[in-house]
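Data first, discussion second: the structure below is written as structure tokens.
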Amino acid sequence: MPTIEVNGARLHYEVYGTQPTSAPPILLIHGSTITGQADWGEIAPLLALHYRVIVPDCRGHGQSTNPAHSYSFREMADDAAALLHALGYQRAHIIGHSNGGNVALVTLLEHPDVVQSCVIQAANAFVSPDLLVREPAVFDPERVAREAPAWMEQMIALHGPAHGAEYWRDLLAMTLREILSEPNYTPEQLAEVTRPVLVVQGEGDPVNAPARHAQFIARHIPQAELWVPSGAAHNVHKELPAEWLGRVLDFLARRGDDANEALYRLQRTRYADERETIFALRAEGDSRQLAGQVLTEEQHQAALQALPALPAVDRVQVLLTATSPWALIRRAVTDLRREPRRQAERVSQALLGEVVRVLEERDDWARVRLAGDDYIGWVQAGALQRCSAAEAQSYQQSCDTLIKAELGQAYLSPLGALESEPALAAGKIPFGVALPSVQVCAGWVALRLPDDRIWWLPESDVLPTTCRPRPDGQGIQAALELIRRSAGVPYLWGGRSPFGFDCSGLAQTFVRFLGANAPRDADQQFRVGNPVWGAPQPGDLLFFGEDDGEDEDARGRFARITHVAISLGGDEFIHANGSAWAVSYNSFYPASPIYRAWLYEHCVGARRFW
């Protein structure tokens, strides 16, 4: 095992892997009272399949000397930086666990020049009151000798040969003094970090989970990522080794060099909403190649400007260009999937007659962007009627008839008008769909579908767009009466029709029927709607949030908007919800039989779209 002298101490360390020394290595920092091999011996060889890995014993641990008989996170961070420089490295990926996580954090704050990226596991940025209560008993030598002899024997075996059989007592005392006083970083100090950071903490970590230390660190370090795995406690890398390895390697692949970190931060700050845009780029080949997909050429140019240097090879595919095909939806309802397969998550739906741009095609699937709300997903190619931009625009402009029936029953001919032809049922058209009319005959209206088929509906099921309800008191009440018919319609994740609604799909349908436009999802609707001050009026959208246990943000008590309902005026509202698994009514009035406390307590506010 090689040794090297840094800052007056002689550190023992091990090196794994044969990767070029020009690339930043991984530096693994162990937790308290153990050694690098004891903490990382199983993980280091696996990481070494991809990186050179350096595993030192911190000063005063294992065979590393401790001339000042000290234990300090700052001193160990100084040692880490000096060790890397002594070995000829400018930067490294710093990974620390437990007190080693604290050392990694201190290294990140005090020696940012040596940090390429940082994985901080089971660490704390400040000394919380619960630690002041908990740790003195944990690190009491008499208690350890009495109640945890295996731990005592481990410390004697690891440190005794170099430091003496009773050194473990001193090590516990020195460790306790440090963890009761350090570290003490403020949110303002954490906010100055500019390196990529992954924060890891087991959901059941008895040391750090109670005070939510990982959440505190990740919240205040800009662009930090947080992983809190369930089923894990303090030693995530040992309890979930395969998952830990996958997470860390993925983090390093995405953010482990300056070029990919620049792309990551650009994506997070400007193109983070995958519902409306595509920004999936990767710098490859020592950052000499840029590959992947973006939605627009503007994003492509932004990526080139963000890179530290222009790539020698540019293999970026821009999906939405002037030549991207146009299409109309030719089915009553078609699912928009996250991936091009039937079992993939339904993210939304496209309705009959809606315009889309085709971004790419794969087998029987097409990736499209809906013109109405910019939502992106995969549809079955058979649902598309291909057309030109002019044809799509002409069709939309000719849509003069709204379906006002909940589900309009369409026929191939008007009933009773043409006795020589049987009136065959053709299909159903959802509420709110707009189509062009081509003929009126004896109480029936002929509608032209995107593929030029003609379907007939009773005049009572349709409404000329010129007679669309206006977003005033009378018009809103009329639209609400139509929406009330959806009570009992099944809840369907991603649903936008009376075959099945989700909460924002129902709200969007209501707003659109009144001639306004609303984005697809509840958080988007909350963001762009006009704030309502005072008591909500009929037709206002009510929004609800989930408390994530963190600080308040600009939206008030809750950081995440997760649900939306339509106000009926007063205390009552209608919404598609997973509790009833249907469209149903609820009330804010506590004495009402349809009162739900969660909805009352989590209502964030109201928005209006007219």
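The values are calculated or read from the model by the stated rules, or taken from the named source; none is laboratory data. All figures in this text were calculated on a predicted structure; none of them were measured in a lab. Cβ sites come from the backbone with ideal geometry, for glycine too, and all protein chains shown count toward neighbours.
Condition first: among the small types (Gly, Ala, Ser), surrounded by fewer than 19 Cβ atoms within 10 Å (Cβ to Cβ) and either under 23 Å from residue 359 (Cβ atoms) or in contact with a Leu (Cβ under 8 Å, 6 or more places away or on another chain) (or both). Now tell me which residues in the stretch 288-322 satisfy that.
The first filter runs over the stretch 288-322 and keeps only residues among the small types (Gly, Ala, Ser), leaving 291-292, 302-303, 306, 309, 312, 322.
Now drop any that are not surrounded by fewer than 19 Cβ atoms within 10 Å (Cβ to Cβ), which leaves 291-292, 302, 306, 309, 312, 322.
Scanning the stretch 288-322 gives 291, 292, 302, 306, 322.
Out of all the residues in the stretch 221-260, which are in contact with a helix residue (DSSP H, G or I) (Cβ under 7 Å, 6 or more places away or on another chain) and free of Cβ contacts under 8 Å to residues at least 40 places away in the same chain? Break it down into steps so the answer makes sense when it comes.
Quick first cut of the stretch 221-260, residues in contact with a helix residue (DSSP H, G or I) (Cβ under 7 Å, 6 or more places away or on another chain) only: 221, 223-229, 232-233, 236-237, 244-245, 254-255, 260.
Scanning the stretch 221-260 gives 221, 224, 225, 226, 227, 228, 229, 232, 233, 254, 260.
Tell me yes or no: at least one residue of the stretch 24-47 is outside any helix (DSSP H, G or I), modelled with pLDDT under 95 and either within 37 Å of the chain's Cα centre (by Cα) or among the hydroxyl-bearing types (Ser, Thr, Tyr) (or both). Full working, then the answer.
The initial filter retains those residues of the stretch 24-47 that are outside any helix (DSSP H, G or I), namely 24-35, 41-43.
In the following step, the residues that additionally are modelled with pLDDT under 95 were identified as none.
Among the residues of the stretch 24-47, not one is outside any helix (DSSP H, G or I), modelled with pLDDT under 95 and either within 37 Å of the chain's Cα centre (by Cα) or among the hydroxyl-bearing types (Ser, Thr, Tyr) (or both), which makes the answer no.
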- request: Just give me the residues in the stretch 74-101 being under 17 Å from residue 175 (Cα atoms) and either at pLDDT below 95 or touching a Gly at 6+ places or on another chain (Cβ under 7 Å) (or both), in sequence order.
  value: 97, 98, 99, 100
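Got at least one residue in the stretch 313-327 being under 30 Å from residue 499 (Cβ atoms), assigned to a strand (DSSP E or B) and touching a helix residue (DSSP H, G or I) at 6+ places or on another chain (Cβ under 6 Å)? Talk me through it step by step, then tell me what you get.
Just the residues of the stretch 313-327 that are under 30 Å from residue 499 (Cβ atoms), to begin with: 319-320, 324-327.
In the following step, the residues that additionally are assigned to a strand (DSSP E or B) were identified as 326-327.
Those still in the list that are touching a helix residue (DSSP H, G or I) at 6+ places or on another chain (Cβ under 6 Å) too: 326.
Yes - at least one qualifying residue is present in the stretch 313-327.
Is there a residue in the stretch 227-237 that is part of a helix (DSSP H, G or I), surrounded by fewer than 17 Cβ atoms within 10 Å (Cβ to Cβ) and touching a Pro at 6+ places or on another chain (Cβ under 9 Å)?
First, pick out the residues of the stretch 227-237 that are part of a helix (DSSP H, G or I): 236-237.
Pick out the ones that are also surrounded by fewer than 17 Cβ atoms within 10 Å (Cβ to Cβ) and you get none.
So far as the stretch 227-237 goes, no, none of its residues is part of a helix (DSSP H, G or I), surrounded by fewer than 17 Cβ atoms within 10 Å (Cβ to Cβ) and touching a Pro at 6+ places or on another chain (Cβ under 9 Å).
Search the stretch 328-344 for residues being of a type outside the set (A, V, I, L, M, F, W, C) and part of a loop (DSSP other than H, G, I, E, B), and hand back the single one that is nearest to residue 499 (Cα to Cα). Break it down into steps so the answer makes sense when it comes.
Narrowing the stretch 328-344 to residues of a type outside the set (A, V, I, L, M, F, W, C): 330-331, 334-335, 337-343.
Checking which are part of a loop (DSSP other than H, G, I, E, B) leaves us with 330-331, 338-343.
Numbers: 330: 17, 331: 13, 338: 20, 339: 22, 340: 22, 341: 21, 342: 18, 343: 19 Å.
Ranking the qualifying residues of the stretch 328-344, first place goes to 331.
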- prompt: If you scan the stretch 6-32, which residues turn out to be more than 21 Å from residue 241 (Cβ to Cβ), polar (S, T, N, Q) and touching a residue at least 40 places away in the same chain (Cβ under 8 Å)?
  reply: 7, 21
Residue count, the stretch 58-75 (criterion: within 37 Å of the chain's Cα centre (by Cα) and assigned to a loop (DSSP other than H, G, I, E, B)): 2
message: Among the residues that make up the stretch 355-369, is at least one of them hydrophobic (A, V, I, L, M, F, W, C), farther than 22 Å from residue 339 by Cβ and more than 40 Å from the chain's Cα centre (by Cα)?
response: no
message: Please go through (1) small (Gly, Ala, Ser); (2) in a loop (DSSP other than H, G, I, E, B); (3) in contact with an Asp or Glu (Cβ under 6 Å, 6 or more places away or on another chain) for residue 488 and return the number of the only condition it doesn't satisfy.
response: (3)
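Condition first: β-branched (Val, Ile, Thr), over 18 Å from residue 485 (Cβ atoms) and either outside the structural domain of residue 508 (by TED's automatic domain parsing) or buried (at least 17 other Cβ atoms within 10 Å of the Cβ) (or both). Can you find one or more residues in the stretch 570-592 that meet it? I'd like the intermediate steps shown before the answer.
Taking the stretch 570-592 first, the residues β-branched (Val, Ile, Thr) are 574, 583.
From what's left, over 18 Å from residue 485 (Cβ atoms): none.
Scanning the stretch 570-592 turns up no residue that is β-branched (Val, Ile, Thr), over 18 Å from residue 485 (Cβ atoms) and either outside the structural domain of residue 508 (by TED's automatic domain parsing) or buried (at least 17 other Cβ atoms within 10 Å of the Cβ) (or both).
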message: With the requirement that a residue be touching a residue at least 12 places away in the same chain (Cβ under 8 Å), surrounded by fewer than 17 Cβ atoms within 10 Å (Cβ to Cβ) and on the phi < 0 side of the Ramachandran plot, what does the stretch 475-521 give you?
response: 477, 484, 485, 487, 490, 493, 499, 516, 517
- request: Could you grab the pairs with beta carbons closer than 6 Å, sequence gap of 6+ or different chains, first residue in the stretch 142-169 and farther than 16 Å from residue 32 by Cβ, second one surrounded by 12 or more Cβ atoms within 10 Å (Cβ to Cβ)?
  value: 145/152; 162/63; 165/156
